[in-house]
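Data block below; observations after.
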Amino acid sequence: MKIATWNVNSAKARLPLITDWLRAASPDVVLFQEIKCETAAFPRAAFEELGYHVEAVGQKAYNGVALLSKTPAEDVLTRLPGEPEDEQARYVEATVAGVRIASLYLPNGNPIPGEKFAYKLRWMDRLNAHARDLLAQEIPFVLGGDYNVIPEPRDVFSPAAFAGDALFQPETRAKFRALVNLGLTEAYRALHDDDRAYTFWDYQAGSWPRDLGLRIDHFLLSPQAADRLAGCTIDRGPRGGEKASDHTPVVLELRDA
């Protein structure tokens, strides 16, 4: 099973780039973040024409996630549990071919201090609690998406430049480690020990041509999914395309059970 995650930074604005990539890469499941449209406005027909079943959770102009799969998704969850009053479209989870898969868009948290950072930390606590519930079921599951977390200094072009950023705060990184330490596997780092392995490059200051990036898009796997881990790669190609997102896809491969 090939699963891709990609913060597309507007599904409608990037549609030709996205569909071209899907035709070439042909993932079995693709997780989008920042679709930036209401659910009804998501361009599902374009993806259905490529053979995908579509589960989208959107809101007007901001956030939004989607899960596309070549086989139908089952038992769809459209909100991260734990804060019923939270109406931001940041989470969708479903079972595809026996694997529980989530597309998540973790809050950015800037500026700090403030309510946005407090919301980020609460959201991470909710994700931790939900991951515990999933682990108790002893099933293969994958939590993929834009975590807005820089796990280590080597995952950013300049740690000093991000010392005051919510993505690199000690509290943020500690909560990410706590999530991993539940018994999850961070797929990319399980297979690669390289530096400058980035998934995001800002539009400003020539970040892309100068390779001034961050690694903030991750896959976390349950033990049952990690047993099947066959590959995890960053496809930098789409970031260099016309009208590109500021993120690029990360592709996970799981062996058959």
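The values are calculated or read from the model by the stated rules, or taken from the named source; none is laboratory data. These numbers come from a predicted model, not from an experiment. Backbone-built Cβ (ideal geometry, glycine too); neighbour counts: all protein chains shown. Accessible surface areas use protein heavy atoms only, side chains included; no ligands, DNA or RNA. Shrake-Rupley method; radii C 1.70, N 1.55, O 1.52, S 1.80 Å.
Greater than 22 Å separation of Cα atoms is the criterion. Which listed pairs, LYS36/LYS116; LYS2/LYS120; LYS2/LYS243; LYS120/LYS175; LYS120/LYS243; LYS36/LYS175, meet it? Intermediate values should be presented prior to the final figure.
On the way: LYS36/LYS116 19 Å; LYS2/LYS120 29 Å; LYS2/LYS243 25 Å; LYS120/LYS175 10 Å; LYS120/LYS243 29 Å; LYS36/LYS175 27 Å.
With Cα atoms farther than 22 Å apart: LYS2/LYS120; LYS2/LYS243; LYS120/LYS243; LYS36/LYS175.
Could you work out the relative contact order of the chain, using alpha carbon pairs under 8 angstrom and six or more residues apart, expressed as a whole percent?
On the way: 584 pairs, mean separation 50.2, N = 257.
Value for the chain: 20 percent.
Restricting to the range 79-228, compute how many DSSP beta bridges are antiparallel as a %, nearest 5. Spell out each step's value before the answer.
Numbers: 16 of 22 bridges.
So the antiparallel bridges in the range 79-228 amount to around 75 percent.
Compute the signed sum of charges (Lys and Arg +1, Asp and Glu -1) over the other residues within less than 12 Å, Cβ to Cβ, of ARG154. Display every interim value, and only then the final one.
Values: positive: ARG189, ARG196, ARG215; negative: GLU152, ASP155, ASP193, ASP194, ASP195.
Taking every Cβ under 12 Å from that of ARG154, the sum is -2.
Over the range 1-141, with the other protein chains present, what is the accessible area per residue in square angstrom, probe 1.4 angstrom?
Details: 5990 Å² over 141 residues.
So the range 1-141 comes to 43 Å² accessible per residue, rounded to a whole number.
Could you work out how much longer the chain between ARG236 and THR71 gets when fully extended? Use 0.36 nm per residue separation minus the Cα distance between them, nm to one decimal. Don't skip to the end; give the middle numbers.
Numbers: separation 165, 0.36 × 165 = 59.40 nm, distance 2.67 nm.
Additional length available on full extension: 56.7 nm.
Each label point is 7 Å from the Cα along the Cα-to-Cβ direction; what then is the distance between the points at TYR62 and GLU171, in nm?
Rounded to a tenth, the inter-label distance reads 1.9 nm.
Can you tell me which of ARG100, ARG14, ARG189 moves the most in a GNM of the chain? Springs connect C-alpha atoms under 10 Å apart.
ARG189
Hey, for a label at ALA163 modelled as a point 7 Å past Cα toward Cβ, could you say which residues of the range 117-147 have their backbone N under 12 Å away?
No residue qualifies, since no backbone N sits under 12 Å from the label point.
Express the carbon and sulfur contribution to the solvent-accessible surface of the chain as a percent, rounded to the nearest whole number, probe 1.4 angstrom. Could the numbers behind the result be given before it?
Numbers: 5380 of 10750 Å².
Of the solvent-accessible surface of the chain, carbon and sulfur hold 50 percent.
For a quick check of understanding: with a 1.4 angstrom probe and all protein chains in place, what accessible area in square angstrom does TRP208 have, to the nearest ten?
Answer for TRP208: close to 70 Å² accessible.
Where in the range 3-24 does the label zone of ALA41 land, with the point 7 angstrom along Cα→C-beta and an amide N cut-off under 20 Å?
7-19
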